[in-house]
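Here is the structure we will look at, set down as structure tokens.
The values are calculated or read from the model by the stated rules, or taken from the named source; none is laboratory data. Since the model is a prediction, treat every value here as computed from it, not as a measurement. Every residue, glycine among them, receives a Cβ derived from its backbone with ideal geometry; neighbour counts consider all protein chains shown. Please note that ligands, DNA and RNA were not included when accessible areas were found on the heavy atoms of the full protein model with its side chains. Shrake-Rupley method; radii C 1.70, N 1.55, O 1.52, S 1.80 Å.
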Amino acid sequence: MNERVAIIGIGSTGFSPVSPDLSFKELTYSAAVKAYDEAGLHPKEIDSFITGSEDFMEGYSIFDEYIPDQMGAVLRPAHTVCADFIQAMGVGCMMINTGEFRTIAVEAHSKASNVKTLDEVKAFGLDPVYLRTLKENAEFLAGLEMRRFLEETGNSVEQCASVVVKNRKNALINPEAGHGAVLTEFDVLSSHPVSTPLKHLDAAAPSDGAIVIVLAAEEVARSLCDNPVWIKGFSWCSAEGNFWSRDLSFAKYASLAAKKAYAMAGISQPSKEIDFAEVCDEYSYKELQHLEALGLARRGESGYLTETGATSLEGEMPVNTSGGSIGVGHTFEASGGMKVNEAVQQLRGLAGKRQIKGATTGLVQSWRGVPTGTGSVAILSNES
Amino acid sequence: MTIIKVPVKGLSSKEYERSLKVTWQPELQYAWDNGIAIGKYLEALKDGKILGSRCEKCHRIMLPARSFCELCWRPVDEYLPVKDTGIVNTFSICHVNWDASRLKPREPRHLPAVIEIEGASAGMGIMHLLGNVKPKDIYIGMKVKAKWKPRKDREGTITDILYFEPVRK
């Protein structure tokens, strides 16, 4: 990037399975107030506004029309990016790099609890000719991918279960997380089979919450903020549309996105230069698969690293210190936002009991869920 | 030039659907949380009141009630009922149904209107229907009043007001 971009304000509502006390507008407003206050900006001083959202999850088509009020963006430039928060954040970085915008607010929220037919929405993402006609719950794709991944890499269902145990344990010390629990691998393995080898507890549970950040060009960031978090690199990538012709053992989309993000950030040895990672764990095996794709674990070793504690809070490469989607809750297009929030807290030294000492560089990664092969990666740092 | 007649039998609509298309009927259902402001607004309707909210900074009385002023970017200072009378800001006479099917000649036309409610700030309209009025008699600036459902039938939805009807002197 020609122009360096930093996060200068962040607001989170925290995450919970339901949020009946607030409308989606009120939920976003409460996150936006915190973010703008931290950035020291009135929304009139913010140049443009972006929401990462998916119309089917909102129950509104042309959802763009419903974002200005709660972001303070009435009669201002605003648009939605129909993708994960990290992609919306990347769009914000690119807008700043045009030179036309100095500050950008990026938002994503989940009101998954308001979608009464979540499985229908998931089914709507399936190809109508080749997949929907089979009339299987969309999660069967996760079962298929998990089996192929385990088969080819030698990772085990027990190691997947240890991802769940770790993440839900981390969530216990994250006040924003909705699914903290003390579990054992046995609990995970003996939970109800959804689509084997995937068990009920292998999957993150839907959650509500909102995240807003304020991005700023370097000069603005330095003048307004004592602890900016720099976006050193970002990228995203989409695989072919046909789920069944992808390499299901390896998350190529994450690997390619990471390569680009590492190059932008000048990272040549990811596992040495990155202090912690918030990766997509919508399903337990995805954390392992993503770690291998991101180059943070060698192929076939992600399970071993997890099992032996290398990815725990005390380990060499802490992964999902927030609790991940499994521990915090799955927030769809806001998932990347939840991860960015954790990375910002870590890089500012504000992560409380979860704090990784001396952390300077973190990786955040998201995936858009079944049946997609779309993932994004960003590298954040407290050092410019 | 010789014209050759080719015997053609068209596909029935069923055959057409089956052979040339794949169909899908989604079953999408939502239950949106009302939250603070919409919740209060709907509750007030049940009570026969139209609820606005006031911002101390811009002095607007906004309708429907909202929990924050989207222009001043601050929480509202007060929720307060306004009157159930107003004037027609704009209206349309709809000759089609929700699904775009045409109304039959004798069916009453639908009469959606933006109504500027008395007691709210200028230009603060709500969307509703007009009733008990002939389409040709409606005009911009016409004074109207809410026709409420009987109290026992109200459910806390905007249809607790059946329609707005002309105020006859």
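Worth a mention:
- Sequence-distant lysines (8 or more away, or on other chains) whose Cα lies within less than 16 Å of B:LYS145: B:LYS49, B:LYS83, B:LYS134, B:LYS169
- Share of carbon and sulfur in the accessible heavy-atom surface of region B:32-166 [1.4 Å probe, %]: 57 percent
- Of A:GLY241, A:GLY143, A:GLY92, the one that fluctuates the most in a GNM where chain A has Cα springs shorter than 10 Å: A:GLY241
- Total formal charge among the other residues, if their Cβ is under 10 angstrom from that of A:PHE15, Lys/Arg +1 and Asp/Glu -1: -2
- Whole-percent P(r), chain B, all Cα pairs, 5 Å bins from 0: 1, 8, 12, 14, 13, 13, 9, 6, 5, 4, 4, 3, 2, 2, 2, 1, 0, 0.
- Net +/- balance of residues flanking A:ARG298 in space, Cβ distance below 14 Å, scoring K and R +1, D and E -1: -2
- Other protein chain Cβ atoms within 10 Å, averaged over every residue that makes up A:22-31: 5
- Buried accessible surface for the B/A pair, both sides summed and rounded to the nearest 100, is 2400 Å² with a 1.4 Å probe.
- Taking every protein chain into account, the 1.4 Å probe leaves A:GLU158 with about 90 Å² of accessible area, to the nearest ten.
- Distance from region A:311-384 to region A:119-162 (C-alpha centre basis), Å: 24 Å
- Using a simple spin-label model with pseudo-atoms 7 Å out from Cα toward Cβ, B:ASN97 and A:LEU183 lie 4.9 nm apart.
- Chain A: angle of helix A:252-265 to the longest principal axis, Cα-based, in degrees nearest 10: 40 degrees
- The protein assembly as shown: projected area of the alpha-carbon convex hull, averaged over directions, in nm²: 35.3 nm²
- In terms of accessible area, using a 1.4 Å probe and ignoring ligands and nucleic acids, A:GLU278, B:GLU17 rank largest first as B:GLU17, A:GLU278.
- Listed pairs B:LYS40/B:LYS147; A:LYS232/A:LYS252; A:LYS111/A:LYS166; A:LYS169/B:LYS40; A:LYS339/B:LYS57; A:LYS135/A:LYS286 exceeding 28 Å between Cα atoms: A:LYS169/B:LYS40; A:LYS339/B:LYS57
- Neighbours of A:GLU342, meaning other residues whose beta-carbon lies under 10 angstrom from its beta-carbon, give a summed charge of 0 when Lys and Arg score +1 and Asp and Glu score -1.
- Taking amide H atoms as placed 1.01 Å from N in the peptide plane, the amide H of B:PHE164 lies under 5 Å from those of B:LEU129, B:LEU130, B:GLY131, B:LYS147, each 5 or more residues away in sequence or on another chain.
- Taking every residue in B:142-150 and counting other chain Cβ atoms within 10 Å of its Cβ, the average works out to 0.
- Helix axis angle, B:35-46 relative to chain B longest principal axis, alpha carbon, degrees: 80 degrees
- 10 Å Cβ neighbours from other chains, averaged over peptide B:16-28: 3
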